[in-house]
Amino acid sequence: MSIELLILFFVGCVGGFLNVMAGGGSLLTVPIMIFMGIPGPVANGTNRIAIIVQNIAAVSAFAKQGFANFKLSLSLAIAAIPGAVTGAWVAANLPEQDFNTMLAVIMGIVMIVMSIKPTKKSTQSNREHIPSKNQLIAGHVLMMGAGFWGGFIQIGVGFIMMPILHRVMGLDLVTTNSHKVFIALVYTTVALLVFATQLQLYWMHGIVLGIGMAAGGVYGARFQINKGEKSIKWVLNLVLVGFIVKLLFF
């Protein structure tokens, strides 16, 4: 295995863990491929290969622990598919420089959002909670928008889906994550088909990255307690600054 693929594997481990715990793993995986010389739109598409591998492992890990409501997961995933197809097509056809500039702006916004401390007051939720009809409708409608974002860029989509599932639908955080990885698996599979028809993807890079992300995702599904959150945010912020400078000026 080349040094490049080895780096992708280890970055994938970290990215997969972050993705399953909350989100933001693609903040590492997409830019690292761009650093390796892969064009931005191609890196964005190649990342979907890894996301699929990671989420297959994560869905299985959650199911083994008794967190699986595939009926609700599937209906939410279906709601996300139209947006994902549209978002993937837009991303695949953006000029590389425009994509890099947009990615830098998005990463800056995510970095700012991540630095904001959440309020202590939160919606009560528990594993036994069954969403009401209004909660289900709101969740499915909002998931359409999340699907577009996931299809377009994937980066930070976990930070969009978690409030929908946890705050809007009232699901506990572990159940939220079990739905999140299933939804991402379904719409990402569809988005990958769009990217594959529009771009020449780096399949080997995606598969190796995916193996690393799968390992990190399984560990994240079992761990589910975000230890060291402050240190992770500091590292991510430093990496983000470096990536933004790279995307905008080099």
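Data for the structure
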read-out: The stretch 1-51, residues that are small (Gly, Ala, Ser), outside any loop (DSSP other than H, G, I, E, B) and under 15 Å from ALA215 (Cβ atoms); value: GLY12, GLY15, GLY16, ALA50
read-out: Of residues in the stretch 197-206 being buried (at least 16 other Cβ atoms within 10 Å of the Cβ) and among the hydrophobic types (A, V, I, L, M, F, W, C), the one farthest from GLY145 (Cα to Cα); value: LEU201
read-out: Count - residues of the stretch 37-58 that are hydroxyl-bearing (Ser, Thr, Tyr) and modelled with pLDDT under 95; value: 0
read-out: Near pairs, Cβ below 7 angstrom, 6+ apart or cross-chain, from the stretch 80-97 (farther than 19 Å from GLY139 by Cα) to any residue that is crowded, with 17+ Cβ neighbours inside 10 Å and polar (S, T, N, Q); value: ALA91/ASN44
read-out: Given (1) aromatic (Phe, Trp, Tyr); (2) modelled with pLDDT of 85 or more; (3) closer than 20 Å to GLY217 by Cβ, number of the condition PHE159 does not satisfy; value: (2)
read-out: Residues within the stretch 147-185 that are part of a helix (DSSP H, G or I), out of contact with any Asp or Glu (no Cβ under 8 Å at 6 or more places or on another chain), farther than 20 Å from LEU28 by Cα and of a type outside the set (Phe, Trp, Tyr), tallied; value: 13
read-out: Residue list for the stretch 141-160, filter: under 18 Å from the mean Cα position of the chain (by Cα) and either under 13 Å from LEU72 (Cβ atoms) or β-branched (Val, Ile, Thr) (or both); value: MET143, ILE153, ILE155, VAL157, ILE160
read-out: Residues of the stretch 1-16 that turn out to be modelled with pLDDT under 90 and buried (at least 24 other Cβ atoms within 10 Å of the Cβ), as a count; value: 2
read-out: Test result for VAL194, farther than 21 Å from VAL90 by Cβ, over 15 Å from the mean Cα position of the chain (by Cα) and surrounded by fewer than 24 Cβ atoms within 10 Å (Cβ to Cβ); value: no
read-out: Count of the stretch 1-49 residues which are among the charged types (D, E, K, R) and either touching a Phe, Trp or Tyr at 6+ places or on another chain (Cβ under 9 Å) or within 22 Å of PHE182 (Cβ to Cβ) (or both); value: 1
read-out: Among (1) in contact with a strand residue (DSSP E or B) (Cβ under 7 Å, 6 or more places away or on another chain); (2) not in a helix (DSSP H, G or I), the one test that LEU201 misses; value: (1)
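For (1) surrounded by fewer than 21 Cβ atoms within 10 Å (Cβ to Cβ); (2) outside any loop (DSSP other than H, G, I, E, B), each residue gets a yes or a no:
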position: VAL59; (1), (2): no, yes
position: PHE62; (1), (2): no, yes
position: ALA68; (1), (2): yes, no
position: LEU74; (1), (2): yes, yes
position: ALA77; (1), (2): no, yes
position: ILE81; (1), (2): yes, yes
position: VAL85; (1), (2): yes, yes
position: TRP89; (1), (2): yes, yes
position: ASP98; (1), (2): yes, yes
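The values are calculated or read from the model by the stated rules, or taken from the named source; none is laboratory data. Just so it is clear, the structure is predicted and the values come from calculations on it, not from any experiment. Positions of Cβ are generated from backbone atoms using ideal geometry, with glycine treated the same way; all protein chains shown enter the neighbour counts.
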